[in-house]
Structures are given as structure tokens and as C-alpha cells.
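Q: Okay, handing you the structure first.
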Amino acid sequence: MEKNLNNAREEIIRRSGVNPSKCMKCGKCSGTCPAYDEMEYHPHQFVYMVETGDIEPLLKSQSIYRCLSCFACVDRCPRGVEPAKIVEAVRLEVIRQQGANHLKAEGVAENLDEEIPQQAIVTAFRKYTK
Amino acid sequence: MKVTYFPGCTLKNKAKQLDIYGHKCAKALGVELEEIEKWQCCGGAFTTSSDEIATKLSSVRALKEAESKNQPLVSLCSACHNVLKQTNHAIQTNETFRARVNNYMADGEYNGGAKVMHYLELLRDVIGYDAVKEKVVNALNGKKVACYYGCLLLRPSKVMQMDDPENPQIMENLVRALGGEPILFPYKNECCGAYVSFENKDYTAVKSGKICNNATLNGADIILTACPLCKYNLEKCGSDIPVVYFTELLAEAFGIKE
Ligand code: SF4
Ligand code: SF4
């Protein structure tokens with residue numbers, strides 16, 4: 001992943017609209033996160049690592065696909081930091097690159113069953129693919 | 001009374017019961033859901049990134065149509081409702097976003113004048129639970145109902161403003177009006193696992209399993225939902241508690257369920 005990481009940090013901050021320096025590192029976002037057990041980096045770490053410019057591990061981590069976009073961290077952060085927007089901005093940094101879609105159309109058929117709602121398919125594609 | 005109605009892709013396919021009974025119950029209550037003729041899929045999720053414009057235009061067109069008719073924009077699906085409300089909020093509060101969106105709007109600008117309402121809000125705020133109660137012919141006889149909200153109806157609460165995001169009562173009060181008994185349900189605003197079930201069903205089964213267990217533990221007969229994806233995830237997690245759309249329960253109480 002050849003990227004100017006300093007640039008990536010600015011892009012992530014701009015795109016998310018989040019000011020990571022507002023974070024007081026209380027960990028409440030991670031405490032309330034339903035994806036905690038599946039995420040290598042937790043929401044408060046996303047905020048901190050973006051603040052300090054430690055972006056590369058986030059870009060490489062599967063954590064960006066484990067976040068459920070439930071917005072619990074956004075609602076419960078006492079400082080209004082909105083960590084989910086940082087997670088989304090990092091994911092976009094990855095999937096907006098050429099050929100970096102997380103979901104490929106070819107793989108779709110095997111994920112389908114009789115009952116799966118259209119909503120699941122369109123949302124997964126919106127989140128994982130550009 | 002007429003309202004502008006945005007059905008969304010799932011209600012025309014896998015979640016037909018949500019749509020059909022939504023129409024029938026509205027009719028029984030004297031409301032016509034006027035479907036947008038050329039609605040386009042909302043995309044299922046509002047991308048929070050401020051530089052994403054094109055994916056939000058389908059919502060903007062729907063909002064614009066409702067505004068031009070001077071009607072509220074009503075939807076049944078939690079996801080459509082969430083995307084429409086968040087898009088409207090972004091138009092109202094973010095000038096740059098509004099300007100960039102309007103670059104695409106060849107036949108006139110949209111500046112955030114529509115009012116977005118979930119069907120549940122229509123029942124509570126416009127029709128009123130007293131009027132709902134009057135239509136009940138088959139009271140639910142104390143049926144124990146776990147009212148499940150998940151994420152999309154409530155969060156981000158600053159934008160959604162439907163109810164208290166930590167202890168909502170909008171569905172509970174509807175169930176009471178129908179003669180049912182809403183149970184204590186601490187997991188009512190936990191996430192079912194959402195769209196991640198598309199690629200990782202083991203993961204979402206754990207999330208949904210906890211929600212179903214919590215409903216069962218508290219004595220629920222059924223789980224009530226407004227979301228096709230929540231319903232799917234809750235039904236796939238291995239629990240056997242029935243998951244029912246709120247419009248189905250409404251139709252049952254009104255005696256118009258087939
Ligand atoms: S809840 Fe907010 S203030 Fe606390 S660690 Fe998370 S982002 Fe920082
Ligand atoms: S939005 Fe993502 S990071 Fe935030 S609490 Fe939900 S799953 Fe965790």
C-alpha cells in the first residue's frame with residue numbers, strides 16, 4: 001500500500017469532520033462497542049492513532065470491516081468525538097484505491113440465501129465497495 | 001390525509017408484509033401512503049463522509065418530491081428512514097454539501113424543506129394512539145412483546161430524534177394501545193450485526209443471539225421490529241422466538257391480517 005501517510009491523516013480528518021484532539025481517552029466508545037471482540041483496534045484507538053498519525057496499521061487492519069456502523073460510540077461519547085466517522089473515513093481511504101474493493105461482485109452468489117433481504121446486499125456493497 | 005411514501009427496495013421484495021400491511025393499516029386509519037412514482041434505492045446506509053455526494057442523490061430526489069407536494073416523507077424500513085433523515089439533516093446543516101448536491105439537481109434546487117417521518121412517528125404524532133385504539137377489534141390480550149429498535153431508528157440520536165435513544169417507548173406505547181404487554185428488554189437498542197451478515201454470519205449470529213436470549217429470558221412471546229435486516233439476522237441466529245414486523249401486529253389487532 002504505497003500512500004503518503006501524512007496526506008492520508010489529513011484526508012481522514014477532513015473527510016470525517018472529526019477533531020481527534022477533542023478525545024479525552026476515557027474509552028467509553030470502546031466499552032460500548034458491540035464489535036469490540038472482533039476488532040484488533042477499538043474505536044478509541046482509531047481516534048488516537050489518527051491523531052498521532054499512526055495510520056498504516058489501521059489501513060491494513062480487518063477492523064475496518066468489523067465495525068457494524070451501529071453509532072453507539074457516536075451517541076455515547078461524552079466529548080462528541082464521533083469515532084464511527086473516523087472508522088468510516090479510514091475504510092474509504094482503503095476501498096477508494098484502485099482495485100481495493102472489499103467485496104467483489106463475483107463472490108456475491110455464495111453469500112445469498114432464500115431469505116436474505118435486498119437491504120443486506122446493497123448496504124454491504126455501499127460500505128465495502130466503491 | 002395523504003403522505004408521500006418511500007417504500008425502498010426490500011419492501012418490494014423480501015419484506016412485502018411490512019409494505020402491504022403498512023398500506024392497509026394506514027387506510028384503516030384514514031391515511032393514504034402516496035408512493036413516489038420513480039423512487040430509487042436509498043443505498044441502505046448513509047455514508048458519513050462529507051465528500052460523498054452522488055450516493056445520496058436518490059434520497060435528495062425523494063425529499064424534493066415530498067417538499068413539492070407539501071407532505072411529510074414517510075417510510076417503514078428503518079434503513080430508508082435513517083438514510084432519508086440523515087441526508088435531510090446534512091442538507092439543512094452543511095452548506096458545502098448542500099451546494100455540491102444542488103450542482104446535480106438540474107430541475108431545481110433542494111434546500112431541506114421536507115419533513116421526514118417514520119411510520120411509527122406518523123402513528124404517534126399525527127394519527128395518535130387514541131385513534132389507533134379505536135380501530136382495534138382483536139386486542140392482543142396481553143401478548144408479551146419485546147420491542148426491538150436496533151440502531152437505525154435511534155442513532156445518531158442528534159439527527160434521528162425519534163425518542164429517548166437509551167430507553168425508547170414509541171413501540172411500547174403502540175403495543176399498549178393494541179392491548180399487548182411490552183416486556184422489559186434491555187437489549188432493545190443493541191446492534192443485531194447489521195449488513196456484516198452478508199459476509200460473516202457467525203459473527204452476526206453471536207450479536208443477534210444475545211438479543212433473542214434477552215427477549216426470551218424476559219418472557220417475550222415475540223420480537224417486534226421495523227427492519228428487514230434485523231428480522232433476517234434475528235431469525236438466522238438459531239433462536240426460535242418469532243420476529244414480527246410492527247405492521248403485521250397492527251393488522252392483526254385491526255382484524256385485517258390475512
Ligand atoms: S468515548 Fe469519546 S472521549 Fe472517550 S475515548 Fe472514545 S472518542 Fe475519546
Ligand atoms: S459504530 Fe462501529 S466502532 Fe462505533 S460502536 Fe458501533 S461497531 Fe463499534
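The values are calculated or read from the model by the stated rules, or taken from the named source; none is laboratory data. Being a predicted model, the structure only gives us computed values, none of them experimental. Note that we place each Cβ from the backbone using ideal geometry, even for glycine, and neighbour counts take in every protein chain shown. Note: areas computed on protein heavy atoms with side chains; ligands, DNA, RNA excluded. Shrake-Rupley method; radii C 1.70, N 1.55, O 1.52, S 1.80 Å.
Q: Please report, ordered by residue number, the helices (runs of 4 or more DSSP H) entirely within region B:66-182 with at least 1 residues that are of a type in the set (G, A, S) and in contact with a Lys or Arg (Cβ under 7 Å, 6 or more places away or on another chain). Lay out the reasoning, then the answer.
A: On the way: elements: B:78-93, B:95-102, B:129-134, B:157-160, B:170-177.
Per the criteria, B:170-177.
Q: Which members of region A:47-80 meet the condition of being more than 21 Å from A:A124 (Cβ to Cβ) and within 11 Å of ligand 2 (Cβ to nearest atom)?
A: A:V47, A:D75, A:R76, A:C77
Q: Let me ask you something else. Scanning region B:1-54 for residues that are polar (S, T, N, Q) and in a loop (DSSP other than H, G, I, E, B), which turns out nearest to B:A99 (Cα to Cα)? Walk me through how you get there before you give the answer.
A: Looking only at region B:1-54, we keep the residues that are polar (S, T, N, Q), and these are B:4, B:10, B:13, B:17, B:40, B:47-50.
With the extra rule that they be in a loop (DSSP other than H, G, I, E, B), the set shrinks to B:13, B:40, B:47-50.
Numbers: B:N13: 35, B:Q40: 22, B:T47: 18, B:T48: 17, B:S49: 16, B:S50: 12 Å.
Here the residue is B:S50.
Q: Scan (1) within 12 Å of ligand 2 (Cβ to nearest atom); (2) of a type in the set (S, T, Y); (3) within 13 Å of chain B (Cβ to nearest Cβ) for the single condition A:Y41 breaks and write down its number.
A: (3)
Q: Among the candidates A:E93, A:E10, which residue alone is more than 8 Å from ligand 1 (Cβ to nearest atom), open to solvent by 60 Å² or more (accessible area, probe 1.4 Å) and not hydrophobic (A, V, I, L, M, F, W, C)?
A: Details: A:E93 fails: open to solvent by 60 Å² or more (accessible area, probe 1.4 Å).
None of the others qualify; the one that does is A:E10.
Q: Collect the residues in region A:11-28 that are assigned to a helix (DSSP H, G or I) and either at pLDDT below 95 or within 13 Å of chain B (Cβ to nearest Cβ) (or both), keeping them in residue-number order. Even if it seems obvious, please write down each step before you answer.
A: The first filter runs over region A:11-28 and keeps only residues assigned to a helix (DSSP H, G or I), leaving A:11-16, A:20-22, A:28.
Correct list: A:E11, A:I12, A:I13, A:R14, A:R15, A:S16.
Q: Of all residues in region B:202-219, which are assigned to a helix (DSSP H, G or I) and either over 9 Å from B:N233 (Cβ atoms) or aromatic (F, W, Y) (or both)?
A: So in region B:202-219, the residues assigned to a helix (DSSP H, G or I) come out as B:202-217.
Of everything in region B:202-219, those that are assigned to a helix (DSSP H, G or I) and either over 9 Å from B:N233 (Cβ atoms) or aromatic (F, W, Y) (or both) turn out to be B:D202, B:Y203, B:V206, B:G209, B:K210, B:C212, B:N213, B:N214, B:A215, B:T216, B:L217.
Q: Can you confirm whether B:G113 is open to solvent by 10 Å² or more (accessible area, probe 1.4 Å) and on the phi > 0 side of the Ramachandran plot?
A: Details: open to solvent by 10 Å² or more (accessible area, probe 1.4 Å): yes; on the phi > 0 side of the Ramachandran plot: no.
No.
Q: Also, I was wondering about something else. Of all residues in region A:75-130, which are at the interface with chain B (Cβ under 8 Å from one of its Cβ atoms) and among the small types (G, A, S)?
A: Listed by number, the residues that qualify are A:A84, A:A89, A:A120, A:A124.
Q: Next up: Name the pairs: first residue in region A:69-81 and more than 16 Å from A:Y36 (Cα to Cα) and open to solvent by less than 20 Å² (accessible area, probe 1.4 Å), second residue more than 11 Å from ligand 2 (Cβ to nearest atom) and polar (S, T, N, Q), Cβ to Cβ under 9 Å, at least 6 apart or on different chains?
A: Close Cβ pairs (under 9 Å, with a partner that is more than 11 Å from ligand 2 (Cβ to nearest atom) and polar (S, T, N, Q)) amount to A:V81/A:N19.
Q: Considering only region B:153-172, state which residues are closer than 23 Å to B:T216 by Cβ, open to solvent by 10 Å² or more (accessible area, probe 1.4 Å) and away from ligand 1 (no atom under 16 Å from the Cβ).
A: B:N167, B:Q169
Q: Considering only residues of region B:162-207 that are polar (S, T, N, Q) and within 11 Å of another protein chain (Cβ to nearest Cβ), which is nearest to B:H89 (Cα to Cα)?
A: At the first step, the residues of region B:162-207 found to be polar (S, T, N, Q) are B:167, B:169, B:173, B:189, B:197, B:200, B:204.
Then keep just the ones that are within 11 Å of another protein chain (Cβ to nearest Cβ); that gives B:189, B:197, B:200, B:204.
Values: B:N189: 22, B:S197: 28, B:N200: 32, B:T204: 30 Å.
Residue satisfying both the conditions and the ranking: B:N189.
Q: Being within 14 Å of chain B (Cβ to nearest Cβ), crowded, with 24+ Cβ neighbours inside 10 Å and either in contact (Cβ under 8 Å) with a residue 12 or more places away in the chain or within 12 Å of ligand 1 (Cβ to nearest atom) (or both), is that true of even one residue in region A:53-63? If you could, list the steps in order and put the result at the bottom.
A: Taking region A:53-63 as the starting set, the residues that turn out to be within 14 Å of chain B (Cβ to nearest Cβ) are A:62-63.
This time we only want the ones that are crowded, with 24+ Cβ neighbours inside 10 Å, so: none.
For region A:53-63, residues within 14 Å of chain B (Cβ to nearest Cβ), crowded, with 24+ Cβ neighbours inside 10 Å and either in contact (Cβ under 8 Å) with a residue 12 or more places away in the chain or within 12 Å of ligand 1 (Cβ to nearest atom) (or both): absent.
Q: Could you tell me whether A:T123 is open to solvent by less than 20 Å² (accessible area, probe 1.4 Å) and without any contact (Cβ under 8 Å) to a residue 24 or more places away in the chain? Walk me through it before giving the result.
A: Details: open to solvent by less than 20 Å² (accessible area, probe 1.4 Å): yes; without any contact (Cβ under 8 Å) to a residue 24 or more places away in the chain: yes.
Answer is yes for this residue.
Q: If you scan region B:90-110, which residues turn out to be closer than 17 Å to B:T4 by Cβ and under 24 Å from the mean Cα position of the chain (by Cα)?
A: Correct list: B:I91, B:Y110.
Q: Is it fair to say B:C77 is open to solvent by 30 Å² or more (accessible area, probe 1.4 Å), under 22 Å from B:G193 (Cβ atoms) and touching a Ser or Thr at 6+ places or on another chain (Cβ under 7 Å)?
A: On the way: open to solvent by 30 Å² or more (accessible area, probe 1.4 Å): no; under 22 Å from B:G193 (Cβ atoms): yes; touching a Ser or Thr at 6+ places or on another chain (Cβ under 7 Å): yes.
The answer is no for B:C77.
Q: Give just the number: which of (1) within 16 Å of ligand 1 (Cβ to nearest atom); (2) part of a helix (DSSP H, G or I); (3) within 14 Å of chain B (Cβ to nearest Cβ); (4) touching a residue at least 12 places away in the same chain (Cβ under 8 Å) does A:G31 not satisfy?
A: (4)
Q: Moving to a separate point now. What's the total number of residues in region B:235-250 that are among the aliphatic types (A, V, I, L, M) and either out of contact with any Gly (no Cβ under 9 Å at 6 or more places or on another chain) or surrounded by fewer than 20 Cβ atoms within 10 Å (Cβ to Cβ) (or both)?
A: First, pick out the residues of region B:235-250 that are among the aliphatic types (A, V, I, L, M): B:241, B:243-244, B:249-250.
Filter once more, so that each one left must be either out of contact with any Gly (no Cβ under 9 Å at 6 or more places or on another chain) or surrounded by fewer than 20 Cβ atoms within 10 Å (Cβ to Cβ) (or both): B:241, B:243-244.
Number satisfying all stated conditions: 3.
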